[in-house]
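**Q** Following this message is one structure expressed as structure tokens.
Quick note: the coordinates plus some simple rules give every number you see, no bench work behind them. Note that the structure is a prediction, hence the values are computed from the model and not measured. FYI the Cβ positions are ideal-geometry reconstructions off the backbone, even for glycines, and counts take in every protein chain you see.
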């Protein structure tokens with residue numbers, strides 16, 4: 001075997017190994033991106049459930065809160081804004097801007113729901129209404145599910161971002177269009193708490 005042939009075989013083997021490494025990196029990044037997109041889909045399911053509960057909650061409260069129309073309208077408006085933002089984010093959970101807009105809309109909805117719950121505390125008949133108690137219980141359960149789904153999403157995003165940013169993946173991630181994903185977290189400390197929905 002000549003030196004030229006040996007060098008050619010070595011170079012060929014090196015190219016094959018490099019190609020396999022690049023394919024492996026690409027496939028791993030695709031799998032991790034799909035994992036965090038799936039995790040976002042779980043958040044989306046729970047958000048839709050919450051968005052479906054809110055009009056029922058407002059409708060039930062409407063009969064009792066006759067002098068609180070602006071509060072009820074604020075809740076519905078915030079719900080509609082959050083719903084639209086969730087549709088945009090669900091279409092592409094890898095779009096950090098869409099996720100950030102959703103976080104802002106969710107913060108606005110949480111604030112509006114908190115105001116509704118605070119106002120409704122002054123109405124004992126509303127607190128005792130069976131339908132209202134059931135809706136608030138479902139809303140509380142949904143908020144817990146959203147928290148768990150958000151945690152799973154953030155874990156998947158962290159693994160994806162870490163893998164994307166480590167060497168040698170970072171070399172190829174940009175070339176293949178793998179951008180950083182946005183965590184689903186609330187930045188304003190006052191909004192970190194779930195709306196109080198207890199009518200005990």
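**Q** What is the angle, in °, between the Cα long axis of helix 69-91 and the longest principal axis of the Cα atoms in the chain? Nearest 10 is fine, range 0 to 90.
**A** Long axis of 69-91 versus the principal axis of the chain: about 20 degrees.
**Q** Any idea what angle helix 3-62 forms with the longest principal axis of the chain, computed on alpha-carbon atoms, 0 to 90 degrees, nearest 10?
**A** For helix 3-62, the angle is close to 0 degrees.
**Q** Rounded to the nearest 500 deg cm²/dmol, what is the calculated helix-only ellipticity per residue at 222 nm for the chain, with -39500 (n - 2.57) per DSSP H run of length n ≥ 4?
**A** Roughly -28000 deg cm²/dmol at 222 nm, from the helical runs in the chain.
**Q** Counting only C-alpha contacts under 8 Å and six or more residues apart, can you give the relative contact order of segment 31-191 as a whole percent?
**A** Relative contact order of segment 31-191: 36 percent.
**Q** Still on this structure: Full extension from residue 18 to residue 77: what is 0.36 nm times the residue separation minus their Cα-Cα distance, to one decimal in nm?
**A** Result: 15.8 nm gained on full extension.
**Q** What is the spin-label model distance, in nm, from residue 100 to residue 162 if the labels are put 7 Å beyond Cα along the C-beta direction?
**A** 2.4
**Q** As an exercise, take the mean of 1/r over every pair of distinct alpha carbons in segment 43-200, invert it, and state the Kirkwood radius in angstroms.
**A** Hydrodynamic radius (Kirkwood, Cα pairs) of segment 43-200 is 17.0 Å.
**Q** How far is helix 130-165 tilted off the main Cα axis of the chain, in degrees rounded to 10, range 0 to 90?
**A** 20
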